[in-house]
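J.: This structure is in structure tokens; I'll ask about it shortly.
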Amino acid sequence: MTKPEIIEVKLSEIKLNPNNPRLIKDDKFKKLVNSIKEFPQMLKIRPIVVNSDMIILGGNMRYKACKEAGLKEVSIIIADNLTEDQQREFLIKDNTSGGEWDWEVLANEWDSEQLQDWGLDVWKNEDIDLDDFFEEHEAEEKELKNKIILEYSEDEYDKVIAAFNKIDGSKEQIVWEFLKLE
């Protein structure tokens with residue numbers, strides 16, 4: 001199988017796919033438009049995929065964002081060797097995520113503001129002072145400071161009971177016993 005050729009076409013030559021079930025709205029769409037304005041080379045690396053009728057199979061939202069960003073031309077790949085069923089399958093599979101984010105790596109190796117600018121919903125880099133937090137939530141303070149919520153599966157029940165039987169009831173000791181179980 002030969003590698004599909006990436007070509008440049010006028011934006012007006014390609015058509016939105018009316019059957020595309022994927023949407024990007026509001027703030028996320030604005031982020032996509034900004035990412036295209038700031039890094040248009042990305043479109044050459046990940047071109048829009050169209051069928052032989054120039055209907056988009058992959059990249060409807062990138063197409064809309066390119067239009068919004070004022071681009072006149074885009075990179076495309078023509079997937080003219082797919083059956084109707086394969087085109088429908090591509091439409092869905094191109095828009096599903098495989099896997100999940102490793103949040104620890106993201107938190108330690110990436111700048112959260114930059115990730116957010118690139119369109120990823122991330123945490124905010126804020127230091128939380130627990131005393132300030134509890135001051136702001138005085139009504140809940142006592143309950144929050146004295147509550148530990150443990151989640152465990154049914155098959156871990158015996159371990160949980162064994163841990164509780166070993167402790168005298170202090171929060172620190174409960175946490176320590178559960179950490180040792182891991």
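J.: What are the pairs with Cβ atoms under 9 angstrom where one residue, in the stretch 1-29, is farther than 15 Å from I56 by Cα and the other, located anywhere, is modelled with pLDDT under 85 and of a type in the set (D, E)? Sequence gap at least six, or different chains.
T.: K28/D121
J.: In the stretch 85-94, how many residues are buried (at least 16 other Cβ atoms within 10 Å of the Cβ) and of a type in the set (S, T, N, Q)?
T.: Total meeting the criteria: 1.
J.: State all residues of the stretch 64-84 that are surrounded by 22 or more Cβ atoms within 10 Å (Cβ to Cβ) and not in a strand (DSSP E or B); if no residue qualifies, say none.
T.: A65, C66
J.: Taking L23 and the conditions (1) part of a loop (DSSP other than H, G, I, E, B); (2) hydrophobic (A, V, I, L, M, F, W, C); (3) in contact with a strand residue (DSSP E or B) (Cβ under 8 Å, 6 or more places away or on another chain), which numbered condition does it fall short on, given that it satisfies the others?
T.: L23 satisfies all of (1) part of a loop (DSSP other than H, G, I, E, B); (2) hydrophobic (A, V, I, L, M, F, W, C); (3) in contact with a strand residue (DSSP E or B) (Cβ under 8 Å, 6 or more places away or on another chain) except (3).
The values are calculated or read from the model by the stated rules, or taken from the named source; none is laboratory data. It should be emphasised that the depicted structure is a prediction, and the values quoted were computed from it without experimental measurement. Positions of Cβ are backbone-derived with ideal geometry, glycine not excepted, and every protein chain shown enters the neighbour counts.
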